[in-house]
Amino acid sequence: MNTEYRIKELCRERGIRMGELARRIGYSRQSTLNQLMERGIPSNKLIDIANELDVSVPELFTAHQHTITCPHCGKTITIKTEE
């Protein structure tokens, strides 16, 4: 499962390190959380993560408005706009 999570972005916005978030939700290491993000996070842990980041579970999946996912390779592409 290669779901795009906003967890890293939300952590940056809140000044929380990924390792700290991992500990708060019951994992001893950040690498465990990173591996789950690649394979798919269990729903009970998604709820824990959402609670720690003070967002709803769907907000963990919402793509940032300035990014798109390439339909060919699956990479996230950041779009810079001029103001």
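Of note:
- Selected residue (criterion: modelled with the lowest pLDDT) from residues of the range 15-41 that are within 13 Å of Tyr5 (Cα to Cα) and part of a loop (DSSP other than H, G, I, E, B): Gly40
- Residues (more than 22 Å from Thr69 (Cβ to Cβ) and without any contact (Cβ under 8 Å) to a residue 12 or more places away in the chain) located in the range 18-42: Gly19, Glu20, Ala22, Arg23, Tyr27, Ser28, Arg29, Ser31, Thr32, Pro42
The values are calculated or read from the model by the stated rules, or taken from the named source; none is laboratory data. Computed from a predicted structure; not experimentally measured. Cβ coordinates were reconstructed from backbone atoms using ideal geometry, including for glycine residues, and neighbour counts include every protein chain displayed.
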